[in-house]
Amino acid sequence: MRPLTVAAAQLGPIALETSRSATVSRLVGLMEAAKARGADLIVYPELALTTFFPRWYFEDEAELDRFYEREMPGPETRPLFDAARDLGIGFHLGYAELTADGTRFNTAILVDRSGSIVGKYRKIHLPGHGEHEPWRAFQHLEKRYFAAGNLGFRVFDAFGGRIGMAICNDRRWSETYRVLGLQGAEMVLIGYNTPIHNPPAPEHDRLSWHHNELVMQAGAYQNATFVVGVAKAGVEEGVHQMGGSLIVAPTGETVAQAVTEADELVVATCDLDLCRSYRDSVFAFERHREPGAYALIIGT
Ligand code: ING
């Protein structure tokens, strides 16, 4: 048994005008509640420090800068790291990163119980569009506001296991899980901000929850790993974003799931050794995969 008690910390809306420090206090409150429920690790969503700003077109790039972190931790996020260290709990945090050379990434970090950053990921699959498209009820300008991640999909030794990270749209691509699975991932952490309405394909809207669960259940089962998906949910600045935060086992079964679209902790104790039941049989990659037949997947 290698139990890891994880808390998926689903967030309700974050308003445009909410201060960083107010949001950090909200996150610290959830961290204290997660600790009280025995969690070793709390997982916050994608872009958990601000409203989901890619829903707007900003003419003036300078207006964008307010949403990005230049340092992590910085003065306003330091209280989260201090709380983690004081409580002895690790965390995953999604945020908008502005690097010293001026590059913008949609980023997530993994922080251990001592408050040290032990892993970092920058979102690779950027959905949406790059130019202002006024026909849309709301924009989805991630291709404009972020560069594609340059760190690859990586797995980190932490919390007694192999922990991988991905962000939002990444969860819809089977390659994401396989690249992490080939590195022995035992738990994949994925924050998301998912509008229920997808302007280019409104006929998909009714299937938002089905697709959300489908992709993470498939990714977990096919790669013998736990998957933790965590939403920023609710009607945020007029856009309805789905909840459905969940913890999926390597069996492909949903262990626990959110039932609101507000701040909600979804907690489960995951035995990381359960991965072996699949990794040593049906998904013993070294015995059963046929990479010689997969060349098309690598194709550009
Ligand atoms: N959001 C969405 C996601 O992949 C999206 C984009 C919405 C894709 C609806 C398909 C349908 O969940 C982010 N932030 O990637």
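A few remarks follow.
- Residue 254 accessible area, assembled protein chains, probe 1.4 Å, Å²: 40 Å²
- Whole-Hz couplings from phi, Karplus 6.51/-1.76/1.60, listed for region 203-214; x for Gly and Pro: 5, 8, 3, 4, 9, 3, 6, 4, 5, 4, 6, 4
- The gain in end-to-end length when the residue 276 to residue 131 segment is fully stretched comes to 47.6 nm, 0.36 nm per residue minus the alpha carbon separation.
- Rolling a 1.4 Å probe over the protein heavy atoms leaves residue 25 with an accessible area of roughly 80 Å².
- Over the C-alpha trace of region 172-258, radius of gyration and Dmax come out as 13.3, 40 angstrom.
- Pairwise label distance in nanometres, residue 57 with residue 32, each label 7 Å out on the Cα-Cβ vector: 4.4 nm
- Table column - 3J(HN,Hα) (Hz), region 29-44, Karplus curve with 6.51, -1.76, 1.60, x for Gly and Pro: x, 5, 5, 5, 5, 5, 4, 5, 9, x, 6, 8, 8, 10, 10, 8
- For the chain, the solvent-accessible area of protein heavy atoms averages 41 Å² per residue (probe radius 1.4 Å; ligands and nucleic acids excluded).
- Kirkwood radius for the chain, taken over all pairs of different Cα atoms as the inverse mean of 1/r, rounds to 19.3 Å.
- Amide proton proximity set for residue 271, modelled H, under 5 Å, gap of 5+: 4
- Long-range tail of P(r) for region 96-175 (Cα pairs > 19 Å, %): 46 percent
- Assuming charge only on the beta carbon of Lys and Arg (+1) and of Asp and Glu (-1), the dipole of region 3-298 about its Cα centre is about 580 debye to the nearest 20.
- Counting only protein heavy atoms and using a 1.4 Å probe, the accessible area of residue 290 comes to about 110 Å².
- For region 59-146, the list of chymotrypsin sites (Phe, Trp or Tyr not before Pro) that fall in a loop by DSSP and count at most 12 other C-beta atoms within 10 angstrom reads 135.
- Nonlocal amide H pairs with residue 256, under 5 Å, H built at 1.01 Å: 247
- Element breakdown for the chain at a 1.4 angstrom probe: carbon and sulfur atoms account for 54% of the accessible area.
- Backbone geometry of region 82-92 corresponds, through the Karplus equation with coefficients 6.51, -1.76 and 1.60 at θ = phi - 60°, to 3J(HN,Hα) couplings of 5, 5, 4, 5, 5, 7, x, 9, x, 8, 10 Hz, x marking Gly and Pro.
The values are calculated or read from the model by the stated rules, or taken from the named source; none is laboratory data. The model shown is predicted, which means the values in this text are computed figures rather than measured ones. Virtual Cβ from ideal backbone geometry, glycine too; neighbours counted across all protein chains shown. All accessible areas refer to the heavy atoms of the entire protein, side chains included, with ligands and DNA or RNA removed. Shrake-Rupley method; radii C 1.70, N 1.55, O 1.52, S 1.80 Å.
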